[in-house]
2 protein chains.
Amino acid sequence: MGQGKRNVAESDGDQGLIYSSPAIHERRRRILEETRKMIAEHGLAGFSMDEVGKRAGVAKRTLYNAYQTKENMIALAIHEYFERYLQHIPYTGEIGSIQRNVERMIFVIQRNRQLRNYISALMSIYFSADSDSDIWNTMHSMAVESNLQWINGLKSKRQLQPWIDPVRLADDIVRMEYSIINDWCRGKIEDDQVVYHLVRACLTIGAGAARGAGRKEIEDMLTEFHTSGIPLPTLPTARAKKG
Amino acid sequence: MGQGKRNVAESDGDQGLIYSSPAIHERRRRILEETRKMIAEHGLAGFSMDEVGKRAGVAKRTLYNAYQTKENMIALAIHEYFERYLQHIPYTGEIGSIQRNVERMIFVIQRNRQLRNYISALMSIYFSADSDSDIWNTMHSMAVESNLQWINGLKSKRQLQPWIDPVRLADDIVRMEYSIINDWCRGKIEDDQVVYHLVRACLTIGAGAARGAGRKEIEDMLTEFHTSGIPLPTLPTARAKKG
């Protein structure tokens, strides 16, 4: 029942722009950067292909040739920015470990706190009743994938409860993540509380889904955060404007 | 950090209509019934006080006198319908027990499955970026209260993990509940899967938040549902139209 199967990263929407000359690579960077900027400024409703083309110095027709639809272009812009950020996280935990997943969560929310308009616009799209499926699937699956590494790690060690399906669990953790981020965007969760709130909520689900040593490890982390606080990295100032 | 403190049930918005003659009581019933019907048909965007007044046979001015705002009237209509439904659930579990909370979840989702348009409209309001705070608070707090009975039961038996704050936990369980119901409304969770999906997700959070005998009890229920399936009551056909 995993919903995040489809992913723009697997589409060949802008292959022509990816595997090409430095000039075309630079043009692609500009287009996706202006796409994110416009989302942060105007949301999906006020998004204009004309304006993105103008700002990036590209004909509107070129945008459609490269990306087919506005929604596909936006989905790619979101995905590219997120993946690029992930690659720069100074992980200390191994792939598939709970440490690494918590490090990812902390860094991503810290980044989000510096990109409130952009993230608010994404949450509006994600939770809107008629949300575009390209954008929704991209946002959902990129968050699912990160959590799945950890969940599959538990599974391979036989540390998941028998009633847990890894993909469904990842879907539910993502529901919780986005729901908390959405409520932070709307001022229902305090800015200085959101990191710990999100990590605690997701680890609590994890503790309920795990057993044995896997669970013990999660509970040790929760105990540590409860007694000593959650470690918050300081990030260089991020801007949605700059891709 | 609990968000559901404010609740229309505590306001005196329509006191004049509550404590009055049978005729006025009947008029109130008609107004709230037409309010729900209009939400199910047109959502918040297409909601018309004129039309509700016309259908209920009441002057628009009377509606404003009794309820002050459209949003307050809608919040009351939602709250009244939900509370009335809760009162008719044939609980077997004691107040504060996990059994009772699971019974509530199962009955409420089974009801929701018969009221898809109405519930979809509510979810759109709840998750919209500019959602009205009267309606949001009412929807959030009525779900929080139900979960809090159970969570406070665990707390009084010292069966909650030390890092768990009961109100924050209830907020998070409600986030999960509404997020799953929202995804069901949008076709992302199958209709015949939604009851078990929601119960499993909420119990998994509960298992992560509980310890000792409290946790054992939750895990026993999850094991039972996993091996024998979840018991689904058959409900009489419900209609949003009829209050």
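The values are calculated or read from the model by the stated rules, or taken from the named source; none is laboratory data. Bear in mind that the values here come from a model prediction, so they are computed numbers and not experimental data. Because the Cβ atoms are built from the backbone with ideal geometry, glycine has one as well, and the counts that use them run over all protein chains shown. Please note that ligands, DNA and RNA were not included when accessible areas were found on the heavy atoms of the full protein model with its side chains. Shrake-Rupley method; radii C 1.70, N 1.55, O 1.52, S 1.80 Å.
Restricting attention to the alpha-carbon atoms of segment A:130-207, what are Rg (one decimal) and Dmax (integer), both in Å?
Just the Cα atoms of segment A:130-207 yield Rg and Dmax of 13.8, 40 Å.
Nearest 100 Å², what total accessible surface is buried between chain B and chain A (probe 1.4 Å)?
Roughly 3600 Å².
Return the average number of partner chain Cβ atoms within 10 angstrom of each residue Cβ along peptide B:39-52.
0
State which stretch of chain B is the longest one without any exposed trypsin sites (Lys or Arg not before Pro), exposure meaning a DSSP loop state and at most 11 other Cβ atoms within 10 Å.
Here the longest segment lacking exposed loop sites spans B:6-157.
Over the residues of segment B:90-228, compute the C-alpha Rg and express it relative to 2.2 N^0.38 Å.
Working it through for segment B:90-228, the quotient is 1.05.
Per residue of segment B:214-230, in order, report the coupling 6.51 cos²θ - 1.76 cosθ + 1.60 (Karplus, θ = phi - 60°) as ³J(HN,Hα) in whole Hz, putting x for Gly and Pro.
Each residue's phi maps through the Karplus curve to give x, 5, 3, 4, 5, 5, 4, 5, 4, 4, 4, 5, 5, 8, 10, x, 9 Hz.
Please check chain A for the longest run free of GluC sites (Glu not before Pro) that are loop-located per DSSP (anything but H, G, I, E, B) and have at most 12 other Cβ atoms within 10 Å.
For GluC sites (Glu not before Pro) (loop position, at most 12 other Cβ atoms within 10 Å), the longest site-free span of chain A is A:95-189.
For segment B:72-157, which whole percent of the accessible surface, found with a 1.4 angstrom probe, sits on carbon and sulfur atoms?
Using a 1.4 Å probe with all protein chains present, segment B:72-157 comes out at 49 percent carbon and sulfur.
Counting only other chains, and only Cβ atoms inside 10 Å, what mean value do you get across the residues of A:205-212?
6
Counting heavy atoms of the protein chains only and a 1.4 Å probe, report the per residue accessible area for chain A as a whole number of Å².
So chain A comes to 42 Å² accessible per residue, rounded to a whole number.
If the limit is 24 Å between Cα atoms, which of B:Lys37/B:Lys70; A:Lys188/B:Lys216; A:Lys188/A:Lys216; B:Lys157/B:Lys216; A:Lys70/A:Lys188; A:Lys216/B:Lys157 go over it?
A:Lys188/B:Lys216; A:Lys188/A:Lys216; A:Lys70/A:Lys188
In terms of modelled amide H atoms, which long-range or inter-chain residues lie less than 5 Å from the amide H of B:Ala210?
Amide H neighbours of B:Ala210: B:Gln161.
Where does helix A:98-113 land angle-wise versus the long Cα axis of chain A, in degrees 0 to 90, nearest 10?
Tilt relative to chain A: about 40 degrees.
Rounded to the nearest 10 degrees, what's the angle between the helix A:133-156 long axis and the longest principal axis of chain A, both from Cα atoms, 0 to 90?
30 degrees
Treating the point 7 Å from Cα along Cα-beta-carbon as the label, what are the nm separations from B:His25 to the other copies, to one decimal?
Those separations, rounded to one decimal, come out as 7.7 nm.
Less than 12 Å Cβ to Cβ from A:Thr223, Lys/Arg counted +1 and Asp/Glu -1: what total charge do the surrounding residues give?
Net local charge, A:Thr223 excluded: -1.
What does the net charge come to around B:Leu235 if you take all other residues with beta carbon closer than 11 Å to its beta carbon, with K and R at +1 and D and E at -1?
+2
In nm, one decimal, shortest first: how far is the label point of B:Lys216 (7 Å from Cα along Cα to beta carbon) from the matching points in the other copies?
Label point to label point, same position, other copies: 2.0 nm.
Name the long-range amide H neighbours of A:Ile189: under 5 Å, sequence gap of 5 or more, or other chain; modelled H, no Pro or chain starts.
Hits under the 5 Å cutoff: A:Trp184.
Need one number: convex hull volume per residue for chain A, Cα atoms only, in Å³.
134 Å³
With angles folded into 0 to 90 degrees, how steeply does helix A:166-185 sit against the dominant principal axis of chain A? Use alpha carbons for both and round to 10.
Once rounded, one gets 70 degrees.
Starting at 0 and stepping by 10 Å, how many percent of the alpha carbon pairs of the protein assembly as shown end up in each bin?
4, 19, 27, 25, 16, 8, 2, 0, 0
At a Förster radius of 30 Å, what calculated FRET efficiency corresponds to the Cβ-Cβ distance of A:Tyr91 and A:His25, to the nearest 0.05?
It comes to 0.65.
Across the residues of A:129-139, average count of Cβ atoms on other protein chains within 10 Å?
Mean shielding count: 2.
Starting from the alpha-carbon convex hull of segment A:74-155, give the projected area averaged over all orientations, in nm².
Approximately 5.7 nm², given one-decimal rounding.
Restricting to DSSP H runs of at least four residues, report the calculated mean residue ellipticity at 222 nm for chain A, -39500 (n - 2.57) per run over all residues, nearest 500 deg cm²/dmol.
It lands at -22000 deg cm²/dmol.
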